Amino acid sequence: MISGVDPDDELVRRAGEGDSAAVQALVARKLRRVLALAERMLGDASEAEDVAQETFFKVWRNAPRWRPGAAKFDTWLHRVTLNLCYDRLRRRREKPTADLPDTPDPGPGPDRGLMAAAVGERVRVAMQGLPPRQREAIVLCHYQELGNIEAAALMGVSVEALESLLSRGRRALKAALADLRGLD
Amino acid sequence: MTEERFLQLASAYGADLARWPEPERAAAAAVLASRPDIAVAVLAAERDLEAALARYAPADASPALRHRIIGDAPHRRAARRGWRWLAGAGLGLGLAASCAAGVAAGFSFAPHSVAHLFGGPRGGDDLSSLADPFGDAANG
């Protein structure tokens with residue numbers, strides 16, 4: 001059970017009744033968040049779009065049965081998205097690496113005029129180099145801005161274990177991106 | 001708060017104290033005030049990382065994706081109530097007169113069926129399955 005009122009409950013209920021305005025409002029509120037989560041977990045924009053569409057398909061299918069108070073909708077949405085991402089990561093692991101998204105050359109250093117997009121690409125590659133659980137911890141806490149208790153519950157680990165995953169992930173990223181110091 | 005705990009929190013949550021666990025922020029601020037050298041040495045490295053992380057911003061959803069997602073949603077017909085009333089009337093008349101046409105009308109006037117969307121088992125939506133998707137959390 002969750003405490004307090006879930007700001008998404010009413011929209012989910014109406015979407016479950018087939019209310020078109022609620023459907024559009026829910027997409028406007030959540031799609032960007034779902035897409036960013038999937039893209040940072042998978043490192044591939046096209047796959048992330050597929051995951052986002054599958055996630056919302058599950059939302060529409062489950063919305064009529066949504067039980068307010070049983071869980072926070074945003075947390076449920078993250079879980080569904082992550083499950084779909086892990087399905088794909090698992091399939092990648094079972095297949096030859098030919099199916100992995102391209103990992104381009106990191107490119108020049110900042111002193112040679114690295115553009116913001118190129119830095120973003122460096123970060124994407126570095127994120128994909130992390131073990132999935134470390135990546136998940138960083139995506140949930142840093143990018144999705146979930147609280148540590150919510151993120152730990154979502155990952156099924158203790159807060160201490162979450163902090164360990166975060167620390168190891170951030171340490172690895174700092175090492176991989178060491179040449180980008182002083183961007184701001 | 002010990003310096004060791006401060007360093008643990010910085011390495012996990014980064015340079016912005018607003019992202020640290022709320023119950024520990026005040027103590028962390030006290031450490032910062034008493035040891036400003038830590039702010040320079042430790043938090044600066046975290047800020048550098050966060051400046052890089054901020055550059056990784058996935059593109060917004062395309063209109064085509066939005067269209068597909070909204071198209072997947074169940075849609076209630078605009079005149080649903082009116083059609084329901086007509087459907088009921090049709091069914092009533094059909095039943096009263098044992099009229100097959102009335103029964104057919106009752107079905108055809110029913111709200112747009114979304115049974116194919118809602119009828120399946122939850123399956124992969126089981127949220128308890130996420131705890132350790134690869135079974136190797138300890139190695140993550």
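Residue by residue, here is whether (1) more than 30 Å from B:L53 (Cα to Cα); (2) facing chain B (nearest Cβ under 9 Å); (3) of a type in the set (D, E, K, R); (4) in a loop (DSSP other than H, G, I, E, B) holds:
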| site | (1), (2), (3), (4) |
| --- | --- |
| A:V5 | yes, no, no, yes |
| A:A21 | yes, no, no, no |
| A:V27 | no, yes, no, no |
| A:N62 | yes, yes, no, no |
| A:G69 | yes, no, no, yes |
| A:D74 | no, no, yes, no |
| A:C85 | no, yes, no, no |
Complete set of residues in the stretch A:34-61 that are surrounded by fewer than 18 Cβ atoms within 10 Å (Cβ to Cβ) and within 21 Å of A:L11 (Cβ to Cβ): A:F57
Filter result for B:A54 (surrounded by 15 or more Cβ atoms within 10 Å (Cβ to Cβ) and small (G, A, S)): yes
Pairs with Cβ under 8 Å, 6+ apart, first in the stretch A:127-156 and at the interface with another protein chain (Cβ under 7 Å from one of its Cβ atoms) and closer than 13 Å to B:L53 by Cβ, second assigned to a helix (DSSP H, G or I) and of a type in the set (D, E): A:H142/B:E50
The stretch B:68-84, subset more than 8 Å from every other protein chain (Cβ to nearest Cβ) and either in contact with a Ser or Thr (Cβ under 7 Å, 6 or more places away or on another chain) or assigned to a loop (DSSP other than H, G, I, E, B) (or both), residue modelled with the highest pLDDT: B:R77
Hits in the stretch B:48-67 (condition: under 18 Å from A:L140 (Cα atoms), part of a helix (DSSP H, G or I) and within 7 Å of chain A (Cβ to nearest Cβ)): B:L49, B:A51, B:A52, B:L53
Residue list for the stretch B:46-67, filter: modelled with pLDDT under 95, more than 19 Å from B:A15 (Cα to Cα) and charged (D, E, K, R): B:D60
Members of the stretch B:3-35 that are free of Cβ contacts under 8 Å to residues at least 12 places away in the same chain and under 25 Å from A:Q134 (Cβ atoms): B:E4, B:Q8, B:A12, B:Y13, B:A18, B:R19, B:W20, B:E22, B:P23, B:R25
Within the stretch A:172-184, considering residues that are at pLDDT below 95 and in a helix (DSSP H, G or I), the one nearest to the other protein chains (Cβ to nearest Cβ): A:L180
Hits in the stretch B:2-41 (condition: aliphatic (A, V, I, L, M), loosely packed, with under 14 Cβ neighbours inside 10 Å and in a loop (DSSP other than H, G, I, E, B)): none
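The values are calculated or read from the model by the stated rules, or taken from the named source; none is laboratory data. All values derive from a computational prediction rather than experimental measurement. We place every Cβ from the backbone using ideal geometry, glycine too, and count neighbours over all the protein chains shown.
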